[in-house]
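Peer 1: Have a look at this one before I ask anything.
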Amino acid sequence: MAAAALCWALRAARQVLPSSCPRQVRSYYVDWRMLRDVKRRKMAYEYADERLRINAIRKNSILPKELQEVADKEIAALPRDSCPVRIRNRCVLTSRPRGVKRRWRLSRIVFRHFADHAQMSGVQRAMW
Amino acid sequence: MWGLAARLLAAARPHGTARPHGTARSKQKLFSTSSVLSKDKDKSTASKDSPPEGAAKKQEDGAETPKQQLLDIIGNMKVEVSYRKKLQQLKASENKKQAMNKVEGLDSEGSVPQGITEDTQRDKPLNPELVKAASAVASSLPHNKKQIESELLAQLRRHEETTDKQKKGGTINIRNVISEMTVKRQSPAQWGVRISGRISLQDEDGRRIRPERSSARSMDSRRSLKVGRRLNIFTKASTEPEHALKTVSSPTIWDLEFAKEVAAVTAQPPRNGFEEMIQWTKEGILWEFPIDNEVGMEDDAEFYEHIFLEKHLEGFPKEGPIRHFMELVICGLSKNPYLSVKQKVEHIEWFQKYFEEKKELLQEI
């Protein structure tokens, strides 16, 4: 049974431990703006349910208005970074805030670079 | 050099010979056959240390001293390496034992004390005759005599050990093993089938070749596995009694550390792209194909649990705007296919808690 316990521990360790092979791991973000964007996304994910419920109370014609005002105040009291509106879809590789195609999460310049080197699957220069 | 020692032992076979018996009868018995052997088996490599006496005379009658006989024999010996020789050597050493037992009463010079032959311990002293013979061999050779003698004696000891082992343990008689084996003989037709079978196509000649193949296989399986005498090569593995289950203690920190260490050491980097993809799939980076849309969603609830959520509305007042509001909430949740039942229930409970907190406010209104 000690062997079984060891096996369980091994299995857990295997899942937790990263592999020993050198893989490219992103340990740094491109710049601080990207890091802040990441923080905002995480926070928005955490508070998403609560915001949804409070907004359901607010955007309502059945409940009394006093209740809705209270809900307004409550939602304003939540941390500022928890709202999804502050998230900006930046380029994943260069952190460019503008000119980012949503499907590839890349800015137009990076996209063009990869497409010309034939590293984008199914992307071809248009000619018609 | 070892061939000489081997020859010594081989020479110990008491084959019946036509020699006249003398005082050194046993010695004659011992050494008479070696010359016969040397004549018969001519397949040999050239001996490294050609003895200085290149005695041409091979057999002489009993007037010679034993030592002279021995030296003559050594002169004829050559180094030989063959499996058959070793076999005979082992057999000879066995028979020599028996010969010793027989001869002890008759032998006058170099009498073998009874204790030695019957003593089957490893540390027993060697047969003094053999020791004498070894010293004679060593003296005959030009190089390091002491070293040669000690090596020869060591060889003799080893041979005696093997014979003891053979006597004690189950005899792995090689004759039994070989008797069961037969040389595989194939008819020329089957040769042709085998060769052509590799080249020909399946579609055209498949029908023709397959039945012949099956006949060949049936011929091979003629000798079943369980036929024949037991060879006593393998010892039967004793079935170990199942160990009683030990009491489980929660894995200590040291166990976890050890497990982590083992996992780190055994995790080899992937040798090729396939192994890399396997590793990614295990980690969860790569999805499993064919893609399962419901991975991670283990909603075991039935459809009625999703739709009929009114039973959760028991904590709310039966009339009023709140009830109206909650019924709308429930209607919306029942139409939502993306949430699990648990999440929907959590929504409703949050609302319940929220409205209870705001009860005072609601009373004022």
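Peer 1: Criterion first (aromatic (Phe, Trp, Tyr) and either more than 10 Å from chain A (Cβ to nearest Cβ) or at positive phi (or both)) does B:Phe274 satisfy it?
Peer 2: yes
Peer 1: Return only the number of the condition from (1) over 30 Å from B:Ile178 (Cβ atoms); (2) out of contact with any helix residue (DSSP H, G or I) (no Cβ under 7 Å at 6 or more places or on another chain); (3) at pLDDT 75 or above that B:Lys236 does not satisfy.
Peer 2: Unmet for B:Lys236, out of (1) over 30 Å from B:Ile178 (Cβ atoms); (2) out of contact with any helix residue (DSSP H, G or I) (no Cβ under 7 Å at 6 or more places or on another chain); (3) at pLDDT 75 or above: (1).
Peer 1: Identify, by number, the condition in (1) out of contact with any Pro (no Cβ under 9 Å at 6 or more places or on another chain); (2) not in a helix (DSSP H, G or I) that A:Asp72 doesn't meet.
Peer 2: Single failed check for A:Asp72: (2).
Peer 1: Within region B:303-318, does at least one residue satisfy the condition of being surrounded by 10 or more Cβ atoms within 10 Å (Cβ to Cβ), within 30 Å of B:Glu349 (Cα to Cα), modelled with pLDDT under 90 and within 14 Å of chain A (Cβ to nearest Cβ)?
Peer 2: yes
Peer 1: I've got another one for you. Pick from B:Lys311, B:Lys318: which is within 30 Å of A:Gln68 (Cβ to Cβ), basic (Lys, Arg) and in a loop (DSSP other than H, G, I, E, B)?
Peer 2: B:Lys318
Peer 1: Next up: Which of the residues spanning region A:80-115 are assigned to a helix (DSSP H, G or I) and more than 26 Å from A:Asp49 (Cα to Cα)?
Peer 2: The answer is A:Arg108, A:Ile109, A:Val110, A:Phe111, A:Arg112, A:His113, A:Phe114, A:Ala115.
The values are calculated or read from the model by the stated rules, or taken from the named source; none is laboratory data. Just so you know, these numbers come straight off a predicted model, no measurement behind them. When we count neighbours, we look across all protein chains shown, and the Cβ atoms used for this are built from the backbone with ideal geometry, even at glycine.
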